[in-house]
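Student: Please find one structure pasted underneath; my questions will follow.
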Amino acid sequence: MEPVQGKVQQLSRLRRAAGGAACAALLALAGAAGCVNPFAPGRDDGNAASACDPHTVDGIFQCFQAAYTFRDTLVYGPLVDAQFIFVYRDYDLGIDQTWGRDEEMRSTYGLFQSTQKLDLIWNNIISTSAESTTVNVVRGFNLTVVYNPGQIDQVSGYANLTLQRQNPGDPWKIVRWRDESNF
């Protein structure tokens with residue numbers, strides 16, 4: 001309490017000597033300096049979406065990677081078309097399983113919330129076929145999923161993505177994702 005009283009006494013003397021305006025300015029500076037935590041990382045006001053451009057095929061992969069890196073469904077959501085279908089092989093049942101956009105967004109949100117870190121690396125493009133408004137890309141990937149320091153999963157394989165857009169100048173959207181991974 002003594003340091004606070006000392007500061008109050010100093011401010012009283014300053015107020016008498018320099019007037020109310022100077023004191024208010026000093027209080028504002030002291031208050032701002034008192035709120036800085038030197039051990040906290042700086043706030044990143046940058047947007048994950050600013051690192052990508054979904055108007056290009058390469059850009060949609062950059063957006064996908066940024067969404068996973070920042071665990072940001074606000075970046076991921078616009079990449080996924082309303083008619084989206086996710087397909088994966090259920091090896092226990094020996095059949096393909098599917099879900100739509102709503103389940104994709106719920107499962108992605110759950111993944112983003114339950115992990116401490118996601119590291120997605122896109123590898124070589126294995127095959128591609130393109131028209132002006134539809135592209136199919138099969139691309140390798142490695143995904144490191146860190147739930148906590150003691151639980152880390154490695155997933156690798158191929159993402160077989162179908163991208164569409166209404167007009168050649170529109171952003172691409174993922175309409176179909178066939179997961180061909182080892183997970």
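Student: For the stretch 131-139, does any single residue satisfy the condition of being in a helix (DSSP H, G or I), open to solvent by 70 Å² or more (accessible area, probe 1.4 Å) and among the acidic types (Asp, Glu)?
Tutor: No, the stretch 131-139 has no match at all.
Student: Within the stretch 7-26, can one find any residue that is hydroxyl-bearing (Ser, Thr, Tyr), surrounded by fewer than 10 Cβ atoms within 10 Å (Cβ to Cβ) and either closer than 17 Å to Val175 by Cβ or at pLDDT below 95 (or both)?
Tutor: No, the stretch 7-26 contains no residue that is hydroxyl-bearing (Ser, Thr, Tyr), surrounded by fewer than 10 Cβ atoms within 10 Å (Cβ to Cβ) and either closer than 17 Å to Val175 by Cβ or at pLDDT below 95 (or both).
Student: A further question on this structure: Is it the case, given these coordinates, that Gly157 is closer than 20 Å to Val87 by Cα, free of Cβ contacts under 8 Å to residues at least 24 places away in the same chain, out of contact with any helix residue (DSSP H, G or I) (no Cβ under 8 Å at 6 or more places or on another chain) and of a type outside the set (Ser, Thr, Tyr)?
Tutor: So Gly157 does not fit the description; no.
Student: Can you name the number of the only condition in (1) in a helix (DSSP H, G or I); (2) at pLDDT below 50 that Asp45 fails?
Tutor: Answer for Asp45: the failing condition is (1).
Residues are listed down the side, and each one gets a yes or a no for (1) of a type outside the set (Val, Ile, Thr); (2) open to solvent by 80 Å² or more (accessible area, probe 1.4 Å); (3) touching a Leu at 6+ places or on another chain (Cβ under 6 Å):
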{"residue": "Asn123", "(1), (2), (3)": "yes, no, no"}
{"residue": "Tyr147", "(1), (2), (3)": "yes, no, no"}
{"residue": "Ile152", "(1), (2), (3)": "no, yes, no"}
{"residue": "Ala159", "(1), (2), (3)": "yes, no, no"}
{"residue": "Asn182", "(1), (2), (3)": "yes, yes, no"}
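Student: Among the residues of the stretch 161-180, how many are in a loop (DSSP other than H, G, I, E, B), surrounded by fewer than 18 Cβ atoms within 10 Å (Cβ to Cβ) and under 21 Å from the mean Cα position of the chain (by Cα)?
Tutor: So the count comes out to 1.
Student: Of the residues that sit in the stretch 50-69 and are hydroxyl-bearing (Ser, Thr, Tyr) and closer than 21 Å to Gly169 by Cβ, which one is surrounded by the most Cβ atoms within 10 Å (Cβ to Cβ)?
Tutor: Thr56
Student: Next question. Considering only the stretch 82-121, state which residues are assigned to a strand (DSSP E or B), closer than 18 Å to Lys173 by Cβ and either free of Cβ contacts under 8 Å to residues at least 12 places away in the same chain or open to solvent by less than 40 Å² (accessible area, probe 1.4 Å) (or both).
Tutor: Across the stretch 82-121, the qualifying residues are Phe84, Phe86, Val87, Gly100.
The values are calculated or read from the model by the stated rules, or taken from the named source; none is laboratory data. Please read these numbers as outputs of a predicted model, since none were measured by experiment. A quick note on method: Cβ atoms are made from the backbone with ideal geometry, for glycine too, and the neighbour counts reach across all protein chains shown. Accessible surface areas use protein heavy atoms only, side chains included; no ligands, DNA or RNA. Shrake-Rupley method; radii C 1.70, N 1.55, O 1.52, S 1.80 Å.
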